Amino acid sequence: MSRWSNIVCSSLASVILLAGTVAISLHGTTAQASASQPVDFGVVGPTSSAVWAQETLTPTAMVPLSTPLSMIFGFRSDRAGLEQRALAVSDPINPDYGDYRSVAENAATYNATDAQISLVTNWFAARSIAVVVDATRAFATASVPISVVEQMLGATYGAYSFSQAPAGIVLLTPTTVPLTLADSLDEAIDRVGGATLLWNTANDQQIVPSAQPEPVVTQYQPTALLVQPADGGTPWRTGTATDACAVAEDLSPSDPAYRLGLSPSQLRTAYGIDHLWDDGHRGKGARISIVDFSAYLQSDIDQWRECFGLSGTPVTNHLIGNPTFDPATSDETTLDIQTVLSVAPEADRIDWFGVQPTLPTLVGQFLQLFAAPMDASLTGGVATDVITASFGSCETGAFEGDPAYALMVGLFDQVLATGVVSGIGAFVSSGDTGSTGCYPNGPGTPNLAIEAQFPASSRWVTAVGGTNLTLTPDNHVASSGVWNDRNFFITPLPQIGIIGSGGGGLSGEFARQPWQPRIGSGEFRPVPDISAFADGLPGYFLAYQGQWLTVGGTSASTPLTASAFALQSAARVANGGHRLGFVAPLLHKLANGTPEERRTIVDVTLGDNDAHLVGAYSALAGYDLASGLGWVDHGELYGVLNPNRVVPKFTG
């Protein structure tokens, strides 16, 4: 099956995505406007499109020129200066470490100028087209009729059919490769996304790959367990439940010795978060943003807070587009919010962004989610501390089907780097299919390629993997291994479908950052950076659609980790320090620092994330591609970050 045929089938079926990244050898055609003003259009023109699509294209009837295309325009900017600054403010040994400025100031310094924005917006306004400029000034979007696109590119459009496409599906692309942008627009724009696309003539709609969250791990029935520990954890609850949530406590198999679900207070104690709570840091000063595709039910959040006694800051909702509640995917959103509330119920702000993406590529849709919380006007006029994102895609899905993927990845990195220089830390789940990041890749033969997942593999995010957990009676960590359902002797193992395990591996697309270890050739970025409890057994409690469940996945370990670092950041500011921002460089420094610093991160040396028996990867002493550096002891970290902290005294 050809590349475009795969995209069409996936899009029409609305396939739920897994998270992933892999090297793509075809980088498309970059058109040159002139020797001094190159413009990247991605793959354009019938010849390049046919090579990309791996199909013979046949000219067919053109769609009306009034047909609107969803376009993305990247502004010319100082990307080298931006990345240099991002490295400086994130490096604990750099004199500029923690010297953050606002998103608005950084956007004006490194990204589009006022003159560039005016040139673009005025050109489109003269043609009655509204342009939306992102808060980071990295890009702008617009819905542009083909007739205007032709003016802008100086090229006419054609429609092309291909043999394996369903009836009515055509490829739209310029008939010749554009060489310039009209009216000096290329003085402001150096990247144009969406010039080549698929169109469904049956409903007059652009075909866009379906970006959906990775589903949380399936809840296994307790009767299916052979209750025996393996590789650092147990598939039943250990420790001592300390939350007074009777409804959740009822989730147990017939034998009460093998209960399911670790409560919020158990997890706070296990990871040392209770040390911050004991000093009064339950969220004051912390600002947390959660990004999702699907909506949630407020009644589930209310039920969760009431049962576990987690009253506090209400969640502020931001609806971008018209995201809806979907019983099949909204458990992800609900889990994100409830996990954040488990750690930081009294945060200054908890902003939830529900986004119905409109951009024409998967990377573009991820871009929309991460860009939204960087708009300070939506977060109370002050930048958020952390963004937590529990979604991703196999890169062959996110990139291979996008004729403009290289420029879109560049825009994605630019937006994330703008967040880094502004003190915003993005945390992304590494995926739930172990080292096989593309599994199962839809119907048919499973994809067992050894791959990491995107956007966890992005250079400017902290990627969070998964572990299992065994607790002592006082809820401290007795042992912890890599989360891998295959190693927990679940019977029966799924014969078709996902065997859950923490994602990890080498990116095939993104370069290794200076603070990361050299794996293999040392060229590519290793994933994950850090890990935390993700095992669906015994799992996290979840109140969903009025019922109580236990679930797991890196979709849980990520908001747990992000909100814990939001507390750490707020505590550090309260003790006279600066915000933590992007923490991956700090974590790697601590793991290789003084004995006191090394105690902040506990190495995971048990288990592997080889869920589908491909031979990769085992936990090792030190950094590994199954658990990253290990897990963070936030009690130890709190002491290292705040050696002269003032401990509040309570009187009564």
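Structure notes:
- Sequence-separation-based contact order of the chain, relative, with Cα cut under 8 Å and 6+ spacing, percent: 18
- Around the amide H of residue 532, modelled in the peptide plane, lie the amide H atoms of 465, 466, 467, all under 5 Å away and 5 or more residues distant in sequence or on another chain.
- Label-to-label distance, nm, for residues given as residue 151 and residue 578 (7 Å Cα→Cβ offset): 4.7
- The alpha-carbon atoms of the chain define a convex hull whose volume equals 148 cubic angstrom per residue.
- Put simply, the amide H of residue 471, placed in the peptide plane, has neighbours under 5 Å in 238, 239, 478, leaving out anything fewer than 5 places away on its chain.
- For residue 552, residues with placed amide H under 5 Å, excluding near neighbours: 217, 540
- The packing ranking of peptides 571-578, 59-66, highest mean first, is 571-578, 59-66, where packing means the average number of other beta carbon atoms within 10 angstrom of each residue.
- Degrees, to the nearest 10: 554-574 long Cα axis against longest axis of the chain: 80
- Charge dipole magnitude, Cβ of K and R +1, D and E -1 - the chain, Cα centre, debye nearest 20: 540
- Working note: Cα gyration tensor of segment 377-536, eigenvalues times five, square-rooted, sorted largest first, giving semi-axes of 27, 23, 15 Å.
A short reminder: the numbers here are calculations on the coordinates, not readings from a lab. As the structure is a computational prediction, the values presented were derived from the model and not from experiment. Note that we place each Cβ from the backbone using ideal geometry, even for glycine, and neighbour counts take in every protein chain shown.
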